[in-house]
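Visitor: Here you go, one structure.
The values are calculated or read from the model by the stated rules, or taken from the named source; none is laboratory data. Not measured: the values here are computed from a predicted model. In this analysis, Cβ positions are derived from the backbone assuming ideal geometry, glycine residues included, and neighbour counts consider all displayed protein chains. With ligands, DNA and RNA removed, areas are computed over all heavy atoms of the protein, side chains included. Shrake-Rupley method; radii C 1.70, N 1.55, O 1.52, S 1.80 Å.
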Amino acid sequence: MALLTLRAVKKALGAETIFGDELLDAIEVDSCYSADLMSDVLARSRANGVLLTGLTNPQAVRTAEMADIKAVCFVRGKKIDNGTIQLAREKNIPLLVTKLTMFEACGILYQAGLRGVPE
């Protein structure tokens, strides 16, 4: 299993940093989980990964915190509301956004060496 810095994740996905650019070189992730249903994330994700989601409300950040997920990347170029950004600042969880679809983003991160969580 590969370890990627969040900076490498950002570059691979052609993403923009919404919050936490100063943290991207210091945080490494070893897995990726993608979902819009946060109960699935809590039930099946693993710590030290990155969450890919289209859900842009504060619940995505709360879920990341509870699951010890290191960063959240929003897909499809979604606009993130100020409440979500403020909560990410409070919890020190970097936020990225990519124009890629969830499918494309997962494929790119898989090719970069990140893996999902086995059932």
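Visitor: Among the residues of segment 10-20, are any under 19 Å from THR101 (Cα atoms) and among the basic types (Lys, Arg)? It would help to see each step written out before you state the result.
Guide: Here is the first cut: in segment 10-20, the residues under 19 Å from THR101 (Cα atoms) are 10-18.
Those left that are additionally among the basic types (Lys, Arg): 10-11.
Scanning segment 10-20, I find at least one residue that is under 19 Å from THR101 (Cα atoms) and among the basic types (Lys, Arg), so the answer is yes.
Visitor: I would also like to ask the following. Of all strands (runs of 3 or more DSSP E) completely enclosed by segment 26-119, which ones contain at least 2 residues that are among the hydrophobic types (A, V, I, L, M, F, W, C) and closer than 22 Å to GLU16 by Cβ?
Guide: Values: elements: 31-34, 49-53, 71-74, 95-97.
The qualifying strands (runs of 3 or more DSSP E) are 49-53, 71-74, 95-97.
Visitor: Determine whether segment 13-24 contains at least one residue that is part of a strand (DSSP E or B), open to solvent by 40 Å² or more (accessible area, probe 1.4 Å) and at pLDDT below 95. Walk me through it before giving the result.
Guide: In the first step, residues of segment 13-24 are kept if they are part of a strand (DSSP E or B); the result is 16-19.
Okay, now just the ones that are also open to solvent by 40 Å² or more (accessible area, probe 1.4 Å), so 16, 18.
From the residues that got through so far, the ones that are at pLDDT below 95 too are none.
Looking for residues that are part of a strand (DSSP E or B), open to solvent by 40 Å² or more (accessible area, probe 1.4 Å) and at pLDDT below 95, one finds none in segment 13-24, hence no.
Visitor: I'd like the full set of residues that are within 14 Å of ALA67 (Cα to Cα) and open to solvent by 40 Å² or more (accessible area, probe 1.4 Å), limited to segment 34-44.
Guide: SER34, LEU37, SER39, ASP40, LEU42, ALA43, ARG44
Visitor: Further question: Quick check on this structure: which one of ILE69, ILE80 is β-branched (Val, Ile, Thr), closer than 15 Å to VAL117 by Cβ and touching a strand residue (DSSP E or B) at 6+ places or on another chain (Cβ under 7 Å)? Reasoning before the result, please.
Guide: On the way: ILE80 fails: closer than 15 Å to VAL117 by Cβ.
Being β-branched (Val, Ile, Thr), closer than 15 Å to VAL117 by Cβ and touching a strand residue (DSSP E or B) at 6+ places or on another chain (Cβ under 7 Å) holds for just one of ILE69, ILE80, which is ILE69.
Visitor: Name every residue in segment 39-53 that is in contact (Cβ under 8 Å) with a residue 12 or more places away in the chain and either within 8 Å of the chain's Cα centre (by Cα) or farther than 17 Å from LEU3 by Cα (or both), in order of residue number. Reasoning before the result, please.
Guide: Filtering segment 39-53 for residues in contact (Cβ under 8 Å) with a residue 12 or more places away in the chain gives 41-42, 44-53.
Correct list: VAL41, LEU42, ARG44, GLY49, VAL50, LEU51, LEU52, THR53.
Visitor: Can you tell me which residue within segment 66-76, out of those that are open to solvent by 30 Å² or more (accessible area, probe 1.4 Å) and under 13 Å from LEU52 (Cα atoms), is farthest from the chain's Cα centre (by Cα)?
Guide: Looking at the filtered set, the residue picked out is ARG76.
Visitor: Kindly list, by first and then second residue, each pair from a residue in segment 82-102 that is open to solvent by 60 Å² or more (accessible area, probe 1.4 Å) to a residue that is part of a loop (DSSP other than H, G, I, E, B) and among the β-branched types (Val, Ile, Thr), limited to pairs with Cβ atoms under 9 Å and residues at least 6 apart or on different chains.
Guide: So the pair list comes out as LYS99/VAL75.
Visitor: Does ILE108 satisfy being open to solvent by less than 40 Å² (accessible area, probe 1.4 Å) and of a type in the set (Val, Ile, Thr)?
Guide: Details: open to solvent by less than 40 Å² (accessible area, probe 1.4 Å): no; of a type in the set (Val, Ile, Thr): yes.
Taking the combined requirement at face value, the residue does not satisfy it.
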